[in-house]
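Encoded as structure tokens, the structure appears first; notes follow it.
The values are calculated or read from the model by the stated rules, or taken from the named source; none is laboratory data. Here the structure is a predicted model, which means the values were calculated and not measured. As a convention, Cβ positions derive from the backbone with ideal geometry for all residues, glycine included, and neighbour counts pool all protein chains shown. For accessibility, only protein heavy atoms count, side chains too; no ligands or nucleic acids. Shrake-Rupley method; radii C 1.70, N 1.55, O 1.52, S 1.80 Å.
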Amino acid sequence: MATTMSVRARVEKEVESESVAATQAWGAALAGQLEPGDVIALQGDLGAGKTNFAQGLARGLSITEDVNSPTFILANEYSGGRLPLYHIDAYRLENADEARGFGLDDYLNGDGVTVVEWAERVRDALPQDTLWIEFKYLGENERRLTFRASGVRGVKILEGLEHAARD
Ligand SMILES: Nc1ncnc2c1ncn2[C@@H]1O[C@H](COP(=O)(O)OP(=O)(O)OP(=O)(O)O)[C@@H](O)[C@H]1O
Ligand SMILES: [Mg+2]
């Protein structure tokens, strides 16, 4: 009997942050591992720390502009860093079709890194090889960040982050 096995890399990493600065530092550290086309999906409740993380990521790409929540305009594009950064907030999108309608694919296929807040709302519009980060509120200043990779690129990013954290 023939058996079909699909082997899929899957890696998880959990860290705790005790300050805004620590959350931003994780974003900056992640930025060091990123390449054009990488997609980072952020999920978690209101005020969980997604925008703070994106700010750190921008800093890690040497972007000097202020990164704010793009809630009202859906997407902001930052150039001038090591790589362009596309910061998207899917809070106001209902589903993957709306995300595609708004032009999400142009960002995903662009030359930069795409970071999506409220990514779970548009999950089906994101590539399989997306690095997911879940933010959980633990206390006033404490958050848990769970990184989940389920593709070759995501796993590579997480391994790189692991090495960088050890150095
Ligand atoms: N350890 C921490 N990491 C990140 N933010 C923290 C932390 N401790 C406290 N905070 C506070 O939590 C809030 C996080 O706000 P932020 O805008 O990053 O959340 P968000 O997940 O983007 O929310 P939204 O869904 O509204 O976009 C800020 O007010 C920040 O000061
Ligand atoms: Mg936000």
remark   = Percent of all alpha-carbon pairs of the range 95-167 at distances over 17 Å, whole number, is 55 percent
key: Highest-first arrangement of 33-40, 93-100, where packing means the average Cβ count within 10 Å   = 33-40, 93-100
remark   = In units of 2.2 N^0.38 Å, the Cα radius of gyration of the range 17-69 is 1.07
request  = Keeping all protein chains in place, calculate the accessible area per residue for the chain (probe 1.4 angstrom), answer in Å².
outcome  = 53 Å²
ask   = If you put +1 on each Lys and Arg Cβ and -1 on each Asp and Glu Cβ, how big is the dipole of the chain around its Cα centre, in Debye rounded to 20?
value = 380 debye
Accessible-area composition of the range 14-98, carbon plus sulfur, in percent [1.4 Å probe] = 45 percent
inquiry  = At 1.4 Å probe size, put S69, S17, S150, S79 in order of accessible surface, largest to smallest.
reply    = S79, S69, S150, S17
Net charge contributed by nearby residues that have their C-beta within less than 12 Å of K136 (K/R +1, D/E -1) = -2
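At 20 °C and 1.002 mPa s, grab the translational diffusion coefficient of the chain from Stokes-Einstein with a Kirkwood Rh over Cα pairs, rounded to a whole number in µm² per second.
The Stokes-Einstein estimate is 134 µm²/s.
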remark   = In terms of the charge dipole of the chain, which places +1 on Lys and Arg and -1 on Asp and Glu at the beta carbon, the residue among G27, G110, G154 farthest towards the positive end is G154
ask   = Got a number for the accessible area of E77? Probe 1.4 Å, square angstrom, nearest 10.
value = 120 Å²
remark   = Once Lys and Arg are counted +1 and Asp and Glu -1 for all other residues with Cβ under 12 Å from that of L83, the total becomes -3
